[in-house]
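The values are calculated or read from the model by the stated rules, or taken from the named source; none is laboratory data. Remember, predicted model here, so these are calculated numbers, not experimental data. Positions of Cβ are backbone-derived with ideal geometry, glycine not excepted, and every protein chain shown enters the neighbour counts.
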Amino acid sequence: MSKRVSMDWTLFFTISIMVAVGLVMIYSASSITAESRYNKAPYYFIVMQFGWAVVGFIALMLFRRFDYRRLRRPEWAFGPIGVVLFLLPIAYFVDPRHRWIPLGIGNIQPSELAKPAMVIFLAYFLTWRQAAINNTRFTLRPAALLLGLLFLLVAIADLGTAVVLAVTAVVMFYVAGLDRRLLITAGALALVCMTIAIASKPYRLRRVVEMVDPTYEKVDRYDFTAKIKPYILSSATVSDTGYQARQAKIAHGSGGVFGLGLMHGRQKHFYLPESHTDFIYAVIGEELGLWGTGALLFGYFIVIWRGIRIFLLTPDDFGRMLALGFVVAIGFQALFNITVVLGLGPTKGIPLPMISYGGSALMTTLASLGILLNISENVG
């Protein structure tokens with residue numbers, strides 16, 4: 001039996017500070033656009049996010065007191081992921097653009113619930129089948145069917161979250177001991193599926209093509225059928241897929257070392273769309289400068305460091321898999337978001353963990369971190 005220790009205050013205070021910073025930056029980024037674009041009060045988004053933060057911290061404290069070893073049961077492994085698989089099609093038909101399910105006082109995004117649900121399922125499944133991890137019939141095939149369905153339902157309308165799920169699953173399978181040849185095969189299959197998902201939507205393909213070939217010179221040279229370019233340009237969702245990335249880089253670069261000052265950013269004034277959600281990192285760079293973005297990155301470093309420490313010190317495999325899954329999901333999503341904002345990857349909407357506006361994302365992230373804190377209190 002592992003020895004219960006005190007709470008990881010370093011991790012807890014880092015989480016609290018990052019959520020508080022996120023609330024401040026959401027107000028700064030949204031106060032003007034809330035009135036002009038959404039016809040809401042200037043404090044509308046900060047009030048909504050504060051409410052979700054309260055709910056999220058309640059979830060964090062509840063899961064922090066909930067013995068993580070009780071999650072190692074079939075009802076916890078299959079129940080949440082079953083609920084997510086049920087909600088995803090509903091969200092798509094109710095709101096195909098945002099994938100939200102309205103609840104009256106707010107919205108819930110099932111794709112965000114998919115991340116902790118998948119981590120709990122894989123931690124249970126990989127621990128249960130650890131001795132036969134490379135058995136195709138009884139281990140890999142059932143897992144592939146369930147995860148494939150999950151990735152498909154998420155990727156239909158939210159490819160970014162599907163990528164986060166896929167990377168998290170690959171890392172967990174690798175650490176669990178999956179044969180490298182099988183892992184490479186699965187990775188290749190996932191790459192093919194992602195390529196199909198990108199090509200299936202003109203706006204997705206356009207974002208990728210315009211990142212590597214903005215003038216369409218290579219497309220014109222090698223497209224002998226003359227069908228690719230018209231297909232790409234048939235997207236009616238946006239007229240300029242590189243606009244957000246350019247405005248984000250302008251915002252981030254204009255901040256310099258010390259920034260323009262809190263609330264003094266200019267790009268959020270109708271130049272940078274989604275400044276309080278997916279591109280809030282650019283607002284931080286513009287208003288707080290290099291020291292602000294550096295402090296934020298240091299916060300993520302602490303979360304990842306403490307998470308890896310918990311992974312290494314946890315005596316049981318189930319706890320180790322849980323810790324690994326949560327750390328990879330949060331860390332990779334942060335990296336993904338920042339990469340997009342800095343123009344190092346195709347534009348894709350995905351929230352910055354604990355910082356961006358989004359109730360479902362904040363609540364599920366804090367609940368996941370609550371489980372991580374509980375694991376840390378049970379290390380030897």
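Checked against (1) surrounded by fewer than 20 Cβ atoms within 10 Å (Cβ to Cβ); (2) in contact with a Lys or Arg (Cβ under 9 Å, 6 or more places away or on another chain); (3) farther than 26 Å from A199 by Cα, Y124 passes all but a single condition, namely (1).
Out of L147, L113, L153, one residue alone is closer than 19 Å to A334 by Cα, crowded, with 18+ Cβ neighbours inside 10 Å and of a type outside the set (D, E). It is L113. Criterion applied to L87, L23 was being within 30 Å of L147 (Cα to Cα), out of contact with any Ser or Thr (no Cβ under 7 Å at 6 or more places or on another chain) and among the aliphatic types (A, V, I, L, M), and the one residue passing it is L87. Scanning segment 80-103 for residues being part of a loop (DSSP other than H, G, I, E, B) and either of a type in the set (K, R) or within 20 Å of the chain's Cα centre (by Cα) (or both) gives a total of 6.
Checking every residue in segment 316-324 against the condition of being at pLDDT below 95 and either in contact with a His (Cβ under 6 Å, 6 or more places away or on another chain) or surrounded by fewer than 19 Cβ atoms within 10 Å (Cβ to Cβ) (or both) gives at least one match.
When each of F57, F121, F151 is tested for being at negative phi and touching a Cys at 6+ places or on another chain (Cβ under 8 Å), the lone residue that passes is F151. Residue count for segment 273-303, restricted to those that are touching a Phe, Trp or Tyr at 6+ places or on another chain (Cβ under 6 Å) and without any contact (Cβ under 8 Å) to a residue 40 or more places away in the chain: 1. With respect to being in a helix (DSSP H, G or I) and closer than 30 Å to Q244 by Cα, L165 fits the description. For segment 334-368, the candidate set comprises residues that are among the small types (G, A, S), closer than 21 Å to I81 by Cα and modelled with pLDDT of 95 or more; within that set, the residue that is surrounded by the most Cβ atoms within 10 Å (Cβ to Cβ) is S368. Say whether the condition of being surrounded by 14 or more Cβ atoms within 10 Å (Cβ to Cβ), within 24 Å of the chain's Cα centre (by Cα), part of a helix (DSSP H, G or I) and without any contact (Cβ under 8 Å) to a residue 24 or more places away in the chain is met by at least one residue in segment 19-32. Looking through segment 19-32, at least one residue is surrounded by 14 or more Cβ atoms within 10 Å (Cβ to Cβ), within 24 Å of the chain's Cα centre (by Cα), part of a helix (DSSP H, G or I) and without any contact (Cβ under 8 Å) to a residue 24 or more places away in the chain.
Is it the case that some residue within segment 165-173 is among the small types (G, A, S) and either in contact with a His (Cβ under 7 Å, 6 or more places away or on another chain) or surrounded by 19 or more Cβ atoms within 10 Å (Cβ to Cβ) (or both)?
First, the residues of segment 165-173 that are among the small types (G, A, S): 166, 169.
Pick out the ones that are also either in contact with a His (Cβ under 7 Å, 6 or more places away or on another chain) or surrounded by 19 or more Cβ atoms within 10 Å (Cβ to Cβ) (or both) and you get 166, 169.
Yes.
Kindly provide the set of residues from segment 344-368 that are hydrophobic (A, V, I, L, M, F, W, C), part of a loop (DSSP other than H, G, I, E, B) and at negative phi, ordered by number. Within segment 344-368, L344, I350, L352, I355 meet the criteria. Could you grab the pairs with beta carbons closer than 8 Å, sequence gap of 6+ or different chains, first residue in segment 145-159 and among the acidic types (D, E), second one in a helix (DSSP H, G or I)? Final answer for the pair search is D158/S111.
Within segment 129-147, can one find any residue that is within 22 Å of G359 (Cα to Cα) and touching a Ser or Thr at 6+ places or on another chain (Cβ under 8 Å)? The answer is no; no qualifying residue exists.
Comparison of I15, I46 shows that the only residue that is buried (at least 21 other Cβ atoms within 10 Å of the Cβ), hydrophobic (A, V, I, L, M, F, W, C) and over 20 Å from the mean Cα position of the chain (by Cα) is I46. In summary, R141 fulfils each of the numbered conditions (1) more than 24 Å from the chain's Cα centre (by Cα); (2) modelled with pLDDT of 80 or more; (3) surrounded by 13 or more Cβ atoms within 10 Å (Cβ to Cβ) with the single exception of condition (3).
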